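Input: a single structure, listed below in structure tokens.
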Amino acid sequence: MIWILAAVCGLLLLIYMRSEYEKKHFSVDTYEIRSEKIHEGERTFVFLSDLHDNRFGAGQKDLLEAIAKVKPDGVILGGDMMITDGSKDYVDTERALYLVRQLAGRYPVYYGFGNHESRMNWSKRQFGNVYEEYCEKLRQAGVHIVKGRERYEIGGDIAIAGVELPKECYRKFSPERLDARLLSIQMGEAEKERYQILLAHTPIMFKQYQTWGADLTLSGHFHGGTIRLPLLGGLMTPQFQFFYRYCGGRFEKNGHTLIVSRGLGTHSVNIRLNNQSQLVVVKLKGKMDQ
């Protein structure tokens with residue numbers, strides 16, 4: 001009996017140590033996409049999502065060095081860079097702002113909001129004017145906030161838009177799904193001639209994002225499914241969906257692409273297993289680019 005207990009404790013210790021390693025060490029995964037809409041040469045973007053105040057070295061040194069090695073043409077932030085706790089009145093945005101300012105001083109930065117940024121706006125009684133103050137600090141740093149009608153062109157062949165989803169879309173167990181018409185009301189129509197990138201924090205509406213006109217949707221939110229099992233994929237999303245297909249990775253459907261980041265941090269369920277933190281690199285090329 002003692003040997004069994006010791007073995008169980010040893011296994012739990014190994015699982016804990018592995019989880020701590022995966023939370024503090026990120027992989028760099030590259031996805032290459034070709035499109036006839038890309039005609040101004042190859043562009044490389046780094047995509048960061050769901051940092052949740054996690055640290056990778058002093059002053060995010062490890063993360064910044066990894067991004068510098070990629071030499072991106074721009075950095076795209078997919079939201080949830082901080083943690084907003086529904087039980088607390090205070091939100092610490094300084095750690096997220098420090099990283100964003102460092103990035104904005106080196107690259108064009110495009111920032112789409114997730115539920116943790118949006119919660120500051122949903123809960124005015126709780127958080128006061130923190131949302132507006134955060135947006136203003138981002139703009140002062142030169143960050144392009146990508147949400148609603150705030151859209152940007154990157155050269156003459158790429159467009160980037162972002163949808164700031166309502167809290168009902170993040171509801172546990174039965175999240176609401178907006179239709180493409182409501183997406184158009186919030187963001188306007190998708191670009192037809194340019195390669196249209198959409199920042200949409202949750203991937204649950206991939207079908208609607210396609211219908212709206214996104215050539216590439218960049219999402220996160222599901223943290224890779226927390227624990228990834230061979231053949232089965234991610235075990236559980238933050239919205240308590242089990243073995244949900246779009247937890248992490250690249251997906252193609254009807255000529256449209258969805259890339260879901262496994263994220264760089266955790267919250268609530270503070271564990272990763274077979275699910276290392278992830279820095280995503282997206283290379284966009286024309287059909288004829290080598």
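The values are calculated or read from the model by the stated rules, or taken from the named source; none is laboratory data. If you're wondering where the values come from, they're calculated on a predicted model, not measured in any experiment. Glycine gets a Cβ as well: all are built from the backbone with ideal geometry, and neighbour counts include every protein chain shown. In case anyone asks, the SASA skips ligands and DNA or RNA and just uses the protein heavy atoms, side chains included. Shrake-Rupley method; radii C 1.70, N 1.55, O 1.52, S 1.80 Å.
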| said: Going by average Cβ density within 10 Å per residue, which order do the peptides 236-247, 41-52 take, highest to lowest? | reply: 41-52, 236-247
| note | The distance between the Cα centres of the range 205-281 and the range 42-58, in whole Å, is 15
| Considering only I4, A159, Q241, whose Cα is most displaced toward the positive end of the charge dipole of the chain, charges sitting on Cβ of Lys, Arg (+1) and Asp, Glu (-1)? | I4
| request: Using only Cα atoms, figure out Rg for the range 202-252 and give it as a multiple of 2.2 N^0.38 Å. | output: 1.15
| query | Once you sort the root eigenvalues of the Cα gyration tensor of the range 1-151 as a ≥ b ≥ c, which label holds: rounded (a/c under 1.5), prolate (a/b larger than b/c) or oblate (the other case)? | reply | oblate
| query | For the chain, what is the percent of antiparallel DSSP beta bridges, rounded to the nearest 5? | reply | 35
| On the first, second and third principal axes, largest extent first, how far apart are the outermost C-alpha atoms of the range 222-290 in Å? | 44, 23, 21
| query | With every protein chain present, what is the per residue accessible area of the chain (1.4 Å probe, Å²)? | reply | 47
| request: Write down the radius of gyration of the range 166-290 and its Dmax, each obtained from C-alpha positions, in Å. | output: 15.2, 45
| query | P(r) tail for the chain, what percent of Cα pairs lie past 28 Å? | reply | 36
| field | Additional length obtainable on full extension of the chain from R149 to N270, 0.36 nm per residue less Cα span | value | 40.1 nm
| Membrane-span-like helices in the chain: DSSP H runs reaching 20 Å or more (Cα, own axis), mean Kyte hydropathy at least 0.0? | 2-24
| message | Just to be sure I understand: with springs between alpha-carbon atoms less than 10 Å apart, which residue in D29, D53, D215 has the highest mean-square fluctuation in the Gaussian network model of the chain? | response | D29
| message | Would the range 97-164 count as rounded, prolate or oblate if I go by the C-alpha gyration tensor, calling it rounded below 1.5 in a/c and otherwise prolate when a/b exceeds b/c, oblate otherwise? | response | oblate
| query | Can you give the extra length, in nm with one decimal, that the chain gains between E20 and K192 once fully stretched, where that is 0.36 nm per residue apart less the Cα-Cα distance? | reply | 57.5 nm
